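The values are calculated or read from the model by the stated rules, or taken from the named source; none is laboratory data. These figures come from a predicted structure and were not determined experimentally. Virtual Cβ from ideal backbone geometry, glycine too; neighbours counted across all protein chains shown. Quick note on the areas: whole protein, heavy atoms, side chains included, nothing else; ligands and nucleic acids left out. Shrake-Rupley method; radii C 1.70, N 1.55, O 1.52, S 1.80 Å.
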Amino acid sequence: MASNALPGKFDVIVVGAGPAGSAAAYLLAKAGLKTLIIERGRGAGTKELFGGKIYAAPLREVWPELDKEAPIHRWVGRERISFVAGDRVSTVEFKLGRRVAFTTYLTEMAKWMAGKAVDAGAILVDEVRVDEIVVRDGKVVGVRSGPDIVEADVVIDAEGVNRMLLEKLGLAEKISPDQVALGVKEVINVGKKNIQEKLMLDDDEGMAWFMVGDVTNGLPGGGFLYTMKDTIALGLVLHVGKAYEAAKKGLLEKTVPQMVEALRTHNFFSKIWGDADVLEYGAHLTIEGGLRFMPRKLYMPGFLVVGDAAGFLLNTGYTIRGVDFAVYSGKLAAETVIEALNNGGPTGENLKRYEDKVKASFIYKELVKHRGIEKVMEDPLFFTKLPALLNTVFAKLYEADYEEPTLLEAVTSSLEESEISLSRFMIKMLSIMSKL
């Protein structure tokens, strides 16, 4: 990045053109501030792998035109959770009564978001890596890429989960395997008609489907399926730390690609897509336990942290919220910067208001409410014994040739076969429900 190719000093530099960075840049440029977005990938969205569900309401606060203009594939009308034990599958489905979230590929969504920022007046430069946040006299004054330094009154760090810049600043520790999960996704070319017929969906209706149990070979994590217009995003999320431990002990029976293939070819799920082509395959890291992942501070003089870099992602086991958290954090950061530049400058005291706004927002309240959910999700009972137990109960209820057991008999005999005491089971279920 040649500094002489850019028009002097900026009011704000945003590092990263993902949802958080683009939301902040859009609002800042719209307010008339000279805003630069620096993106490491080739164009906005090219590094994004997420293909899933996004909650709409927080995004509408930034882009009221979202429903009409954004690359929305389907509105989620069905939510499913399946517990898998071999060929047996127990499924719970909920039919939503209103439109809350939609499915899309983040490559498309991020491109749209960044395009809105550019249309508002922000400058986007891509294929540029920021090597360092430049600090002078305790204040952030810009960024360095190679030998070039570009200065700004404020730098907003939206670098994502691989937060090397934050580590260099001393605001975050090096990521440990226990703080992240590996997301692996395939895109299957099913066809619009087949998606709607096989899953009984209306024209623009979508489905978000989570799977727990054998799909991860007993490792903490789960499977997912999201319906797009004419494709399906299918994949797994695996806890990196637990997978590493299992591999060291020789307990990892399948590689990750083999696990994904086993899910795609599973007798129950594969009937949806048959022999349809796999168009894409990819993997990326995602956050486990947002509060544990948060930096020590979200600000310093001339500097704010937003999105995944700040730990703003929540996985409850039945839904994942990340894009809406990221966008809303970008909104709060932009508001704080505008207020600071109009009232004494981007001092530490002025920018601390961003952290205050975050802690008063739904983002932080949700992270606190579900604090410790990652520990529940690491419990082997949740991924091995519980799915097997549920399927054993249903097998006793529905696979009886002559005598039908009562529900209580089915549950108690299944618990005995699983070697789980009723009291331990109840305590564990109460623990899970309190965190979910």
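How many residues does the range 336-374 hold that are in contact (Cβ under 8 Å) with a residue 40 or more places away in the chain and among the charged types (D, E, K, R)?
Adding up the residues that qualify gives 5.
Hey, can you tell me all the residues within the range 287-313 that are crowded, with 22+ Cβ neighbours inside 10 Å and closer than 15 Å to Ala181 by Cα?
Once the filter is applied, which keeps residues that are crowded, with 22+ Cβ neighbours inside 10 Å and closer than 15 Å to Ala181 by Cα, the range 287-313 yields Ile287, Glu288, Gly289, Gly290, Phe293, Asp308, Ala309, Gly311, Phe312, Leu313.
Being outside any strand (DSSP E or B) and of a type in the set (Gly, Ala, Ser) is true for just one of Gly52, Gly41, Gly77. Which residue is that? First the steps, then the outcome.
Values: Gly52 fails: outside any strand (DSSP E or B); Gly77 fails: outside any strand (DSSP E or B).
Residue meeting the stated conditions: Gly41.
Filter the range 194-215 down to residues that are among the charged types (D, E, K, R) and assigned to a loop (DSSP other than H, G, I, E, B) and give me whichever is least open to solvent (accessible area, probe 1.4 Å).
Residues of the range 194-215 among the charged types (D, E, K, R): 197-198, 202-205, 214.
In the following step, the residues that additionally are assigned to a loop (DSSP other than H, G, I, E, B) were identified as 202-204.
On the way: Asp202: 99, Asp203: 96, Asp204: 62 Å².
Step by step, filter the range 194-215, then rank; the result is Asp204.
With Lys242, Lys185 as the choices, which residue is buried (at least 18 other Cβ atoms within 10 Å of the Cβ), within 23 Å of the chain's Cα centre (by Cα) and modelled with pLDDT of 90 or more? Steps first, answer last, please.
Values: Lys242 fails: modelled with pLDDT of 90 or more.
Lys185 is the lone residue from the list that is buried (at least 18 other Cβ atoms within 10 Å of the Cβ), within 23 Å of the chain's Cα centre (by Cα) and modelled with pLDDT of 90 or more.
For the range 314-335, name all the residues that are open to solvent by less than 10 Å² (accessible area, probe 1.4 Å), more than 26 Å from Val76 (Cβ to Cβ) and out of contact with any Phe, Trp or Tyr (no Cβ under 6 Å at 6 or more places or on another chain).
Ala334
With respect to Val92, determine if the residue is loosely packed, with under 15 Cβ neighbours inside 10 Å and either small (Gly, Ala, Ser) or in a strand (DSSP E or B) (or both).
Working: loosely packed, with under 15 Cβ neighbours inside 10 Å: yes; either small (Gly, Ala, Ser) or in a strand (DSSP E or B) (or both): yes.
Yes.
Of the residues Lys365, Lys375, only one is closer than 30 Å to Gly213 by Cβ, open to solvent by 60 Å² or more (accessible area, probe 1.4 Å) and among the charged types (D, E, K, R); which? Step through it out loud before you land on a result.
On the way: Lys365 fails: closer than 30 Å to Gly213 by Cβ.
Step by step, each of Lys365, Lys375 is checked, and only Lys375 is closer than 30 Å to Gly213 by Cβ, open to solvent by 60 Å² or more (accessible area, probe 1.4 Å) and among the charged types (D, E, K, R).
Which count do you get for residues in the range 312-335 that are free of Cβ contacts under 8 Å to residues at least 40 places away in the same chain and assigned to a loop (DSSP other than H, G, I, E, B)?
Matching residues across the range 312-335 total 1.
Regarding Ala44, is this residue buried (at least 18 other Cβ atoms within 10 Å of the Cβ), within 23 Å of Val187 (Cβ to Cβ), in contact with a helix residue (DSSP H, G or I) (Cβ under 8 Å, 6 or more places away or on another chain) and at pLDDT below 95?
On the way: buried (at least 18 other Cβ atoms within 10 Å of the Cβ): yes; within 23 Å of Val187 (Cβ to Cβ): yes; in contact with a helix residue (DSSP H, G or I) (Cβ under 8 Å, 6 or more places away or on another chain): yes; at pLDDT below 95: yes.
So Ala44 fits the description; yes.
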